[in-house]
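Report on the structure given below.
The values are calculated or read from the model by the stated rules, or taken from the named source; none is laboratory data. From a predicted model like this one, the values you see are computed outputs, not experimental measurements. Virtual Cβ from ideal backbone geometry, glycine too; neighbours counted across all protein chains shown. Quick note on the areas: whole protein, heavy atoms, side chains included, nothing else; ligands and nucleic acids left out. Shrake-Rupley method; radii C 1.70, N 1.55, O 1.52, S 1.80 Å.
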Amino acid sequence: MATALEINQVSKTFKNDRGGVHVLDHLDLTVQEGEFVSVIGPSGCGKSTLLKLIAGLDSDFHGQIAVGDHEVHGPSIDRGFIFQEHRLFPWLTVEKNIAGNLSLRDPEVRSKVNHLIALVNLGGFEKAYPRQLSGGMSQRVAIARALLRNPKVLLLDEPFGALDAFTRAHLQEALHDIWEKNKTTMVLVTHDIDESVYLSSKVVVMDAKPGRIKAVVPIDLPYPRTRSSKAFQEFRTVILEHLDHKPSEPDDFSI
Amino acid sequence: MTTITLAENKENTLKRKKRSWDRGLALFRALFLPVVALLVWEVLTRLGALPSLLFSSPSLILTRAVNLISTGKLWEHMEISLFRALLGFLLGGGLGLAFGIIVGMNRKSEQYINPSFQMIRTIPLLAITPLFILWFGFGELSKILLISLGSFFPLYLQAFLGIRNIDNKLFEVARIMEYTRLQQITKLMIPSALPNILLGVRLSLSVAWMCLVAAELLGADKGIGYMIQDARSFMQTDTVFVGIIIFALAGKLSDSFVRVLEEKLLRWQDSFKA
């Protein structure tokens, strides 16, 4: 398998009056093509920052990030991005949102858009405006919009965090189906352990202040996975233990 | 089952009848005061309680209007007024829109341009009019420039505001999808700022009408404003009223036109569900 994403010694500091906050500290991570990697960790561990660096939305960091053979210098369509909010353009219909700056009059774009609308199960809503959609539906449009550009890597930043439990479970399933059908490499940032075990081929557990990788847990369970199974619960426990494990140095409780 | 449906049908028809009756009643109530006022006006002038030379009367105004229309005089004045207002609006509004977008997009140009524009904006237009006449004469140029100066600012301000209010998160999306700079303007900034831009168009149009009157009252040999001024000096009060009514109608019509445009273009907004 070829490497889809290579992160090499990446460090990032946010500058402030007192010098700066060290959010990422010499991070190394390799993601193979077709892998589904989840990044999990306490808030403030820099997981979302990492995703923005990979996307090229922030290029103020040390180290190297490469997608395929190309080093990342800015945003590009080879990295799709799903945000926590759907971020659809409110003045465009569903199909036009998916097409974006591509013309629906192009028969190739047209057929791909139709295919994606079917894939995310939104048939009949092509001409609807975002305000007419539920949160879950909007997020599915956002997924279709990202997939239209055939990204090498799809980056997902807590995409289902703002949804209710039912919709979330439903969308996790939908995302899994898309991953199986399209073989798109995916990197998912989440704080939901169940979500990470349910979807991923490996889970990266991060530590906060400064953000470091604490453990990489390969999840070698066959799909489809059942959340109630014993093996699932065992993986859940392993990740929970990694997350709970306190570092030897004392925490500073300055408030 | 059928009987219920029939009963429901009957009820629905009754409801619909009731609703159209309500609407008719509302219209009647809205028209009540104006109609009474017109009647009182007419009666008072006929009785001689109001001097018809100064106050005219609804019937006199109507007769005058018919006369002005049939002789083609009204159209002669209206043609030139429309031409001035439209050209002034297109020139001033167009520039306002362009500057609003540029200044909205770019902080540096905001710092260079915006303070001066804000300063000029506060000057009453009537105060500048004498200068315009000195510089550009009594001809069409001074009038059109005065109208464009007036209609420049509402569109400039609204376009600027609209661009500034765009959600920065959408720019991130556009960058990720590799929108070119031009696509960011045409496919993100302008549609997103459209509610403000259309409001600017409405405000600019109404200012254009006002400036038109000012320009034509100050010195012209044609146009509705001139018609009013000319009629005043001959004490033709009814013609003055016809002119005022024409301005009111034109303002209302242009405003309705933009409203229709808003309803068509802003269907995506929550507030335009109707």
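One residue stands out among those in the range B:165-180 that are out of contact with any Phe, Trp or Tyr (no Cβ under 8 Å at 6 or more places or on another chain), open to solvent by 50 Å² or more (accessible area, probe 1.4 Å) and within 12 Å of another protein chain (Cβ to nearest Cβ): the one that is nearest to B:V207 (Cα to Cα), which is B:D167.
Okay, residues lined up against (1) assigned by TED's automatic domain parsing to the domain that holds B:M189; (2) more than 30 Å from A:P130 (Cα to Cα); (3) open to solvent by less than 20 Å² (accessible area, probe 1.4 Å); (4) aliphatic (A, V, I, L, M):
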site	(1), (2), (3), (4)
B:L91	yes, yes, no, yes
B:F99	yes, yes, no, no
B:P115	yes, yes, no, no
B:M119	yes, yes, no, yes
B:L126	yes, yes, no, yes
B:L149	yes, yes, no, yes
B:F153	yes, yes, no, no
B:L157	yes, no, no, yes
B:I163	yes, no, yes, yes
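For the range A:93-101, the criterion of being away from chain B (no Cβ under 13 Å), open to solvent by less than 10 Å² (accessible area, probe 1.4 Å) and of a type outside the set (D, E, K, R) is met by no residue. Residues in the range A:181-209 that are open to solvent by 10 Å² or more (accessible area, probe 1.4 Å) and in contact with a Ser or Thr (Cβ under 8 Å, 6 or more places away or on another chain): 3 in all. Scoring A:Q84 on the criteria (1) at positive phi; (2) in contact with a Pro (Cβ under 8 Å, 6 or more places away or on another chain) leaves a single failure, condition (1). Once the range B:181-208 is narrowed to residues that are within 12 Å of chain A (Cβ to nearest Cβ) and small (G, A, S), the residue that is surrounded by the most Cβ atoms within 10 Å (Cβ to Cβ) is B:A193. Residue count for the range A:131-155 satisfying the condition of being within 14 Å of another protein chain (Cβ to nearest Cβ) and out of contact with any Gly (no Cβ under 9 Å at 6 or more places or on another chain): 8.
Evaluate the following for A:G19: is it assigned to a loop (DSSP other than H, G, I, E, B) and surrounded by fewer than 21 Cβ atoms within 10 Å (Cβ to Cβ)? Yes. For the residues A:V39, A:V67, the requirement of being within 14 Å of another protein chain (Cβ to nearest Cβ) and under 16 Å from the mean Cα position of the chain (by Cα) singles out A:V67. Among the residues here, A:A128 does not qualify as crowded, with 21+ Cβ neighbours inside 10 Å and within 11 Å of chain B (Cβ to nearest Cβ). Taken over the range B:69-89, the residue count meeting the criterion of being within 20 Å of B:G251 (Cα to Cα) and either touching a Pro at 6+ places or on another chain (Cβ under 8 Å) or open to solvent by less than 90 Å² (accessible area, probe 1.4 Å) (or both) is 11. Against the definition (more than 14 Å from every other protein chain (Cβ to nearest Cβ), assigned to a helix (DSSP H, G or I) and exposed (fewer than 15 other Cβ atoms within 10 Å of the Cβ)), how does B:L249 come out, yes or no? The answer is yes for B:L249.
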